[in-house]
Amino acid sequence: MTEKPDLRAAILAAAKKEPSATRAEVSAHVRLVLTVAAIGLAVAFFVLGGVTLGDRPASFVVHVALVWSIVAAASALLLLRRGATGLGAPTATLLGVAMAVAPLLGASYLGLHVSEAAGIGHDHVGALSHPMCFIMTLVFTIAPFAVFAALRRGVDPVHPAATGAIAGAASAAVGGVAITLHCPISSDLHVLLGHALPAVVMLLVGFALGPRIFGVRAAP
């Protein structure tokens, strides 16, 4: 099937854009972006209080953070992978993985809570705790989303909305790891609403912003 002229032009423009920087320049750019983002996330994390275990066993917190880190890393690698065509994973794959992030975070937490810390997390949780953690998780997503935006900005002529969706979901998974280490509340409902639900919100935000951030505009 013949490509539309504007899509062909966009792909050619992206192809011309990619080789413009040397490998050393790209590596330096990546290191700079990752360093700034890591510092920003670390500052936000410690300003908001750092690690707080509460009554949660340390092993339980480590296991939750580890599993959520795997979800974040897998979705981020899918986002950054160019593939044989240089256009990344198919749209359906990007959207499918993006939509799976929040359920994976929630299900893995529920499973680990039952198996490792069933005796905690049953105390009453104040109503304001849910939105507070929700907002803090969103704050923690800013740095990773900025990384994805900097590394993939303006290079997706095919599915920028899907790229934005998985960027948002992966960023929320990173934020989820940070809030897991910080928030001592282990209530299932609280974690689902305050820690995992932001992945849905960031998916939608990324999907909406994706064409503007990640898309390639055809030459006039």
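The values are calculated or read from the model by the stated rules, or taken from the named source; none is laboratory data. Just so we're clear, the structure is a prediction, and the values are computed from it rather than from any experiment. All Cβ positions, even for glycine, are placed from backbone atoms using ideal geometry, and neighbour counts span all protein chains on display.
Determine which member of the set 56, 152 is closer than 21 Å to residue 174 by Cα, of a type in the set (Lys, Arg) and at pLDDT 90 or above. After applying the criteria, what remains is 56.
A Cβ distance below 7 Å, combined with a sequence gap of six or more or placement on separate chains, defines the contacts here; from the stretch 161-187, residues that are in contact (Cβ under 8 Å) with a residue 40 or more places away in the chain and over 23 Å from residue 47 (Cα atoms) reach residues that are part of a loop (DSSP other than H, G, I, E, B) and not basic (Lys, Arg) in the pairs 163/88; 163/214; 164/214; 187/121; 187/125. Screening the stretch 75-122 for residues that are in contact with a Gly (Cβ under 7 Å, 6 or more places away or on another chain) and without any contact (Cβ under 8 Å) to a residue 24 or more places away in the chain and picking the one that is farthest from residue 60 (Cα to Cα) gives 82. Per this entry, residue 94 is not counted among residues that are modelled with pLDDT under 90, under 18 Å from residue 206 (Cα atoms) and out of contact with any Pro (no Cβ under 7 Å at 6 or more places or on another chain).
Right, residue 94: hydrophobic (A, V, I, L, M, F, W, C), touching a helix residue (DSSP H, G or I) at 6+ places or on another chain (Cβ under 9 Å), closer than 30 Å to residue 35 by Cα and part of a helix (DSSP H, G or I) or not? Quick ask: steps written out before the conclusion?
Working: hydrophobic (A, V, I, L, M, F, W, C): yes; touching a helix residue (DSSP H, G or I) at 6+ places or on another chain (Cβ under 9 Å): yes; closer than 30 Å to residue 35 by Cα: yes; part of a helix (DSSP H, G or I): yes.
Yes: the conditions hold for residue 94.
Only one residue in 192, 138, 204 is closer than 13 Å to residue 41 by Cα, out of contact with any Phe, Trp or Tyr (no Cβ under 6 Å at 6 or more places or on another chain) and surrounded by fewer than 20 Cβ atoms within 10 Å (Cβ to Cβ). Which one? Only one candidate qualifies: 138. The requirement of being polar (S, T, N, Q) and assigned to a loop (DSSP other than H, G, I, E, B) is fulfilled nowhere in the stretch 154-167; no residue meets it.
Close Cβ contacts (under 9 Å, 6 or more residues apart or on different chains) running from residues in the stretch 123-146 that are free of Cβ contacts under 8 Å to residues at least 24 places away in the same chain to residues that are surrounded by 15 or more Cβ atoms within 10 Å (Cβ to Cβ) and assigned to a loop (DSSP other than H, G, I, E, B) comprise 124/187.
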